[in-house]
Each structure stands twice: as structure tokens, then as C-alpha cells.
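For reference, the structure is listed below as C-alpha cells.
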Amino acid sequence: MKKGYTKNEARRRRTKVMVLASMGDFLGTVVGFFVILACVVLLTTLITWLRGDIVQVFDSLQAPIISAFELSEGM
């Protein structure tokens, strides 16, 4: 029965583990890049939507605010 590894076997196993760990790091970096890219795209879309929508919100609020001031002046 073999209890341990030879130096060459241990070195080969260590190299395999290091290569797999490096590949995992690389894949994690690539996935992280795409997640950050997706977040930037979503934030850009949100800001563009807010720019277009904020004008409509203020336009819809303008009439009730003006009429409230007109009513208070008449009292």
C-alpha cells in the first residue's frame, strides 16, 4: 500500500491545482467584468429614462400647484 506521493507526483498535483485555481480566477474576473458592464448599462438606461420622465412629472405637477396659488390669492 502506498501512503504518500513521490515528489514528481506531488509537484504534478500541485501544478494541476494551481492551474485550476488560476482558471477559476480568470473566469471570475471575466464574469465580474460582464456584471459591471451590465450594471453600467442599466444605470445609463435609468438616467436616460429619468431625464425624459422628470420633465413630464414637473409638467403634470405644474397645473395643480399654479391653481392652488391662484385659489389662495383670491381669498
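Read-outs throughout are calculated quantities, based only on the coordinates presented, and are distinct from any laboratory measurement. This one's a predicted model, so the numbers in the text were calculated from it and none came from an experiment. Backbone-built Cβ (ideal geometry, glycine too); neighbour counts: all protein chains shown.
Here are the numbers for this structure:
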| item | result |
| --- | --- |
| Rotationally averaged projected area of the chain (alpha carbon convex hull; nm²) | 10.5 |
| Cα long-axis angle, helix 7-74 against the chain (0 to 90 degrees, to the nearest 10) | 0 |
| Charge dipole of the chain about the Cα centre (unit charges at C-beta), most positive-ward option of Q62, L37, T48 | L37 |
| Test item: Cα-centred dipole of the chain, Lys/Arg +1 and Asp/Glu -1 on Cβ, debye | 1900 |
| Neighbour cut-off at most 14 other Cβ (10 Å), DSSP loop, trypsin sites (Lys or Arg not before Pro), the chain | K2, K3 |
| Additional length obtainable on full extension of the chain from D25 to T48, 0.36 nm per residue less Cα span | 4.8 nm |
